[in-house]
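First the structure, in the form of structure tokens, and then the observations on it.
No value in this document is a laboratory result; all are computed from the given coordinates. Everything numeric in this text was worked out from a predicted model, so none of it was measured. Quick reminder, even Gly has a Cβ in these numbers, built from the backbone with ideal geometry, and neighbours come from all protein chains shown.
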Amino acid sequence: MIKLHELTIRKVHELLTKKEVSSFELIKEFLEYIEERDKEIGAYLRVFHDEALKQANEIDKKIAAGEEIDLLAGVPVAIKDNILIKDTPSTAASKILKNYQATYDATVIKKLKKAGAIFLGKTNLDEFAMGSSTENSAFQLTKNPLDETRVPGGSSGGSASAVASHQAVCALGSDTGGSIRQPAAFCGLVGLKPTYGAVSRFGLIAMASSLDQIGPITKTVEDAALILERIAGEDPSDATSLPFNFNFKELEKITDLKKIRIGVIKECFEQNLEPDLKNAIDKSIKLLKSLGAEIDEVSIPHIAASLACYYIIMPAEVSANLARYDGLRYASKEISGSLKELYFKNRGENFGREVRRRILLGTFVLSSGYYDAYYLKAKKVQKLISDEFERAFQKYQLLLSPTAPTSAFKLGEKINDPLAMYLSDIFTVPANIAGLPAISLPVYENNKLPYALQLMAPPFKERDLLAASLLFEKISAK
Amino acid sequence: MEKKLINEKTVEHLLELSRLKIDEKEKEKLVDDLNEILNYVKELEKIPTENINLDVIKKSKKLRSDKPGEENLSDWEKLIEGFKERKEAWLKIPPVFDR
């Protein structure tokens, strides 16, 4: 009997290479478990039953032939349904893409396929990744496996709940304002948003192109690092990707945090945080100190304005990016009428409430007479905030804050109050606004639900970020 | 008291511009929601930004030459199968002007 809940990338690799289990058996076990468990959780929109078993057979053949296999080979992975896998549907949880079949692989998919990873299926999300609870999916509700009356977070809620309920070993998500880190936090997992440009966005259904980034949601820091190692790098198909290589081996050299200065972002603790969250963070700070890190307070004076910037820049890009869904392409359903009628019917009937709200907001802030007051102003404040981070990083290697202001909230609690929902991203959005890498790590206090700690690093310093996270994870498990 | 930065008429104009429609009964709540969000983001106007210059680009990326890539990235035949209606490889749309 394989214990699915104990599996990590390295453990799967050991099981397979020591021939304790075949890839086929392992994948079959996962598929059977998903069939049972996902009726409750609702993490997957689609499961690739036959294809996954076929891929597993290929891995078994390689093992039998004595070929050396990658660490990721045979590892069951869940993929957020806004990342394209050739010849399979990719809906972004929107009715407007209900019949769309991807005609190419996203670069991250191509890279994972090459490593031999096995895709179990595509996971639920807030429509076009717009939301913080996965309740904006046009197709189904996803529950938090740690407490099924609560949301899994969002927008990568399906990916997070698939991993947390052991229906996959690890997953890919996308993060525009916290959509990897916040669901990881709500589900007690590790979530990594790489530096903007570190991972190719080719084949990611665009939401806000200047902020979107693909990254892993995993049970351990090591797994997140191993996935990053495989998906990172410049891609000619994504002009915003930059030369970046991450080598896992570099992490092994780092055994303490003696040369690391960590700045605790003062402004993040000025609001009334839940006492348990505050305690959990204080305990984490002590642990980091015990690893040798030098820790003190730092100010990012305008960090609180990040969310306001975000809710101007993001909708502006959304309104432009989603203009392509015109009802004529992407296998829209048959609606007749004049061209204009067709646009109105398709877009009016197939975009959900939150998507429409953001398109309208974006159209407004870009419109003549308002552009300077909103969009241009937000771009300037974005620059101001980025500069403040840059200054802080002259003194500190890492910055620390909570990931989210609360633990997982109840299903339905915030769905009718958009601004309250937006505020659950208050601590995650700054990393997107400044293009920084950031990681969410679970921390616990009294409360049976996990909280989370966020660490941020300067652009392309994933090595420091992950090294510190790895050591923190080790010491907090003791 | 929150300022009403957007009214029903503006929302109707935005709906027209963005080719969207909503139920009449949704409109009131939508106007309220948008006003609440705009009042929140409007806080940015208090932050002085006279000295911020957006024209300075720190890192510029070397652009590739303007030649088609070697790799066939997408199966275009399959891509155009998603067209609502087509004539050969062309997307066929309803007439834009009345005859």
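Pick out, from A:254, A:287, A:311, the residue whose Cα sits farthest towards the positive end of the charge dipole of chain A, with +1 on the Cβ of Lys and Arg and -1 on the Cβ of Asp and Glu. Of the options given, the answer is A:311. Stokes-Einstein D for the protein assembly as shown at 10 °C, 1.306 mPa s, Kirkwood Rh over Cα pairs, in µm²/s? In µm²/s, the coefficient is 65.
When you filter the trypsin sites (Lys or Arg not before Pro) in the range A:226-267 for DSSP loop state and at most 16 other Cβ atoms inside 10 Å of their Cβ, you are left with A:253, A:258, A:259.
Sequence-ordered 3J(HN,Hα) estimates for the range A:363-375 from the Karplus curve with 6.51, -1.76 and 1.60 and θ = phi - 60° stand at 4, 5, 5, 9, 6, 4, x, 10, 3, 5, 5, 9, 5 Hz, glycine and proline given as x. Under 5 Å from the amide H of residue A:264 lie the amide H atoms of A:296, A:297, A:298, A:400, each residue being 5 or more positions distant or on a separate chain, with H modelled from the backbone and absent for Pro and chain starts. Ordered by the count of other Cβ atoms within 10 Å of each Cβ, fewest first, B:56, A:381, B:31 give B:56, B:31, A:381. Pairs of Lys residues in the range A:90-143 are counted when their Cα atoms are under 29 angstrom apart and they lie 8 or more places apart or on different chains; the count is 17. A straight Cα-to-Cα reach below 16 Å connects residue A:377 with the lysines B:42, B:46, residues fewer than 8 places away in its own chain not being considered. Considering chain B at the alpha-carbon level, its Rg and Dmax are found to be 23.2, 60 Å.
Annotation: amide H of residue A:45 within the under-5 Å range of A:122, A:123, A:124, sequence separation 5 or more or interchain, hydrogens built in the peptide plane.
Among B:49, A:406, A:428, a tally of other beta-carbon atoms within 10 Å of each Cβ gives an order, fewest to most, of A:406, B:49, A:428. Other residues whose C-beta falls under 11 angstrom from the C-beta of residue A:192 contribute a net charge of -1, scoring Lys and Arg +1 and Asp and Glu -1.
Between 0 and 90 degrees, the angle of helix B:8-17 with respect to the longest Cα principal axis of chain B falls at about 10 degrees.
If only the Cβ of Lys and Arg carry +1 and only the Cβ of Asp and Glu carry -1, the dipole of the protein assembly as shown around its Cα centre is close to 720 debye. Ranking A:150, A:201 by Cβ neighbours within 10 Å, fewest first, what do you get? Result, fewest neighbours first: A:150, A:201. Here's the picture: charge each Lys and Arg Cβ at +1 and each Asp and Glu Cβ at -1 in chain A, and of A:112, A:302, A:93 the one pushed furthest to the positive end of that dipole is A:302.
Under 5 Å from the amide H of residue A:88 lie the amide H atoms of A:102, each residue being 5 or more positions distant or on a separate chain, with H modelled from the backbone and absent for Pro and chain starts.
For the range A:91-102, putting each phi into the Karplus relation 6.51 cos²θ - 1.76 cosθ + 1.60 with θ = phi - 60° gives couplings of 9, 6, 6, 10, 5, 5, 10, 4, 9, 6, 10, 5 Hz, in residue order, rounded to whole numbers and with x for Gly and Pro. Each Lys and Arg contributes +1 and each Asp and Glu -1, all at the Cβ; summed about the Cα centre of the range A:233-376, the dipole is approximately 300 debye. Given springs between every Cα pair under 10 Å in a Gaussian network model of chain B, which of B:71, B:12, B:43 has the largest fluctuation? So, out of B:71, B:12, B:43, the one fluctuating most is B:71.
Take every DSSP beta bridge whose two residues both sit in the range A:4-251; close to 65 percent of them are antiparallel. The share of alpha-carbon pairs in the range A:383-429 lying farther apart than 14 Å comes to 64%.
Counts of other chain beta carbons within 10 angstrom of each beta carbon in peptide B:17-27 average 6. Taking the charge dipole of chain A about its Cα centre, with +1 at Lys and Arg Cβ atoms and -1 at Asp and Glu Cβ atoms, the residue from A:360, A:188, A:226 reaching farthest to the positive side is A:360. Counting only alpha carbon atoms, the long axis of helix B:24-41 and the longest principal axis of chain B meet at about 70°.
Across the range A:4-251, Cα-Cα pairs more than 28 Å apart make up 24 percent of the total.
Taking other residues whose beta carbon is less than 12 angstrom from the beta carbon of residue A:61, and scoring Lys, Arg as +1 and Asp, Glu as -1, yields -1. Summing -39500 (n - 2.57) over the DSSP H runs of n ≥ 4 in the protein assembly as shown and dividing by its residue number, what mean residue ellipticity at 222 nm do you reach, to the nearest 500 deg cm²/dmol? Helix-only estimate at 222 nm: -11500 deg cm²/dmol.
In order along the range A:195-212, the phi-based Karplus estimate (6.51 cos²θ - 1.76 cosθ + 1.60, θ = phi - 60°) of 3J(HN,Hα) comes to 3, 4, x, 6, 10, 5, 9, 4, x, 9, 5, 6, 10, 10, 4, 7, 10, 4 Hz; Gly and Pro are listed as x. DSSP finds beta bridges in the protein assembly as shown, and of those with both partners inside it, around 65 percent are antiparallel.
Restricting the range A:37-129 to GluC sites (Glu not before Pro) that sit in a DSSP loop and have at most 14 other Cβ atoms within 10 Å of their own Cβ leaves A:67, A:68.
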